[in-house]
Amino acid sequence: MKWIGRIIMVLYALLVAAPLYFVITSSFKTSQAFFANPLSWPNPWTIQNFVSIFDAQPMWQYFWNSARVTLSTVALDLFLGSLIAYAIIRLGGRMGRYTFVYFVAGLIIPSQVSMLPLYSLVRQIGWSDNLGALVLVTAAGLLPLTVFTLTGFMEMLSKEMMEAGSIDGASEWKIYWRLVLPLSGPSLAATAAFLFVMVWNDLLIPMLLINSTDKLTLPLALMQFRGEYVTDYTLLLTGVVITAVPMVILFVFLQRFFVTGMTAGSVKG
């Protein structure tokens, strides 16, 4: 039966590789070569699309906007989520379960359902077209996922170690900051990687809140290449490649923590 599993893995790898091949090769083609044969190998290779996309659009500004929103959202979510997760495992019992269910219940509600109330609320309080408001709204939407993930990891930590810290006179804040957070490092890194990808690629919430051109995030900026009658596909796909680069770099540096975080708690001891 091993060969069946290998065939499935090969098919899955091809399914993933095909779009990557199309996007990457198209970014190195001219428009004429792209429309002549979208699936062909670039001939000749050109980096003009990468030059043109930075000349035609303030891409560095869009990068900076996305970086600010993503890093701020991830940092805020990890801080609040880890505090809540710690409180849940320290409360324990019925109160801990109720608190956990209260936060995780947010995962049940699809984001599309809350679009109109969210848009109305943001306009009423004067937060529309504001990157700071985008950070708060996005962080609030992802907080249930963060709490769900980090609570599962923190539950695997030794309760006796926390109780020993309390007996030695350590405050709850010191136990959280000096003991729980360092032990949760791989789990925090894994959660941060998930959140980074979700926030960096998010289009729905920024489209709902951001109007000004100078405040666009990268996913919103990519829509500038799509016109009513004509779409510059080579520039659009080049923008997709540029947008994906930070996520590739993130995975390269965090893959060790990511794997460790995914396996944390699988063996208790």
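The values are calculated or read from the model by the stated rules, or taken from the named source; none is laboratory data. Note that the structure is a prediction, hence the values are computed from the model and not measured. A quick note on method: Cβ atoms are made from the backbone with ideal geometry, for glycine too, and the neighbour counts reach across all protein chains shown. Accessible surface areas use protein heavy atoms only, side chains included; no ligands, DNA or RNA. Shrake-Rupley method; radii C 1.70, N 1.55, O 1.52, S 1.80 Å.
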Task: Scan of the range 22-37 for residues that are open to solvent by 50 Å² or more (accessible area, probe 1.4 Å) and at pLDDT below 90, ordered by number - done: Thr30, Gln32, Phe35, Ala36, Asn37
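Residue-wise test of (1) under 20 Å from Ile242 (Cα atoms); (2) in a loop (DSSP other than H, G, I, E, B); (3) touching a helix residue (DSSP H, G or I) at 6+ places or on another chain (Cβ under 9 Å).
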{"position": "Trp3", "(1), (2), (3)": "no, no, no"}
{"position": "Arg6", "(1), (2), (3)": "no, no, no"}
{"position": "Met9", "(1), (2), (3)": "no, no, no"}
{"position": "Leu14", "(1), (2), (3)": "no, no, no"}
{"position": "Ala17", "(1), (2), (3)": "yes, no, no"}
{"position": "Ser26", "(1), (2), (3)": "yes, no, yes"}
{"position": "Phe34", "(1), (2), (3)": "yes, no, yes"}
{"position": "Pro38", "(1), (2), (3)": "yes, yes, yes"}
Open item on the list: Going by what's in this entry, would Val104 be described as open to solvent by less than 90 Å² (accessible area, probe 1.4 Å), in contact (Cβ under 8 Å) with a residue 24 or more places away in the chain and under 26 Å from Trp177 (Cβ atoms)?
Closed with: yes
TODO: Filter the range 143-190 down to the residues that are of a type in the set (Asp, Glu) and in a helix (DSSP H, G or I), then identify the one that is surrounded by the most Cβ atoms within 10 Å (Cβ to Cβ).
DONE: Glu172
Task: Members of the range 38-48 that are open to solvent by 90 Å² or more (accessible area, probe 1.4 Å) and either within 31 Å of the chain's Cα centre (by Cα) or touching a residue at least 60 places away in the same chain (Cβ under 8 Å) (or both) - done: Leu39, Ile47, Gln48
Open item on the list: Within the range 125-132, does at least one residue satisfy the condition of being in contact with a helix residue (DSSP H, G or I) (Cβ under 7 Å, 6 or more places away or on another chain), open to solvent by less than 90 Å² (accessible area, probe 1.4 Å) and not in a loop (DSSP other than H, G, I, E, B)?
Closed with: yes
Open item on the list: For the range 49-61, give me the residue count where each residue is open to solvent by less than 40 Å² (accessible area, probe 1.4 Å) and over 13 Å from Val240 (Cα atoms).
Closed with: 2
Task: Hits in the range 89-101 - residues which are in contact (Cβ under 8 Å) with a residue 40 or more places away in the chain and not basic (Lys, Arg) - done: Ile89, Phe100
Open item on the list: So if I check each of Arg68, Arg90, which one is of a type in the set (D, E, K, R), more than 19 Å from Lys174 (Cα to Cα) and surrounded by 15 or more Cβ atoms within 10 Å (Cβ to Cβ)?
Closed with: Arg68
Open item on the list: Please determine whether any residue of the range 47-56 is touching a Gly at 6+ places or on another chain (Cβ under 7 Å) and assigned to a helix (DSSP H, G or I).
Closed with: yes
Open item on the list: It is to be established whether one or more residues within the range 225-244 are in contact with a Phe, Trp or Tyr (Cβ under 7 Å, 6 or more places away or on another chain), open to solvent by 70 Å² or more (accessible area, probe 1.4 Å) and either part of a loop (DSSP other than H, G, I, E, B) or modelled with pLDDT of 80 or more (or both).
Closed with: yes
Open item on the list: Condition check: hydrophobic (A, V, I, L, M, F, W, C) and under 22 Å from Val252 (Cβ atoms). Does Ala193 satisfy that?
Closed with: yes
Task: the range 12-46, residues that are among the aliphatic types (A, V, I, L, M) and under 16 Å from Leu236 (Cβ atoms) - done: Leu20, Val23, Ile24, Ala33
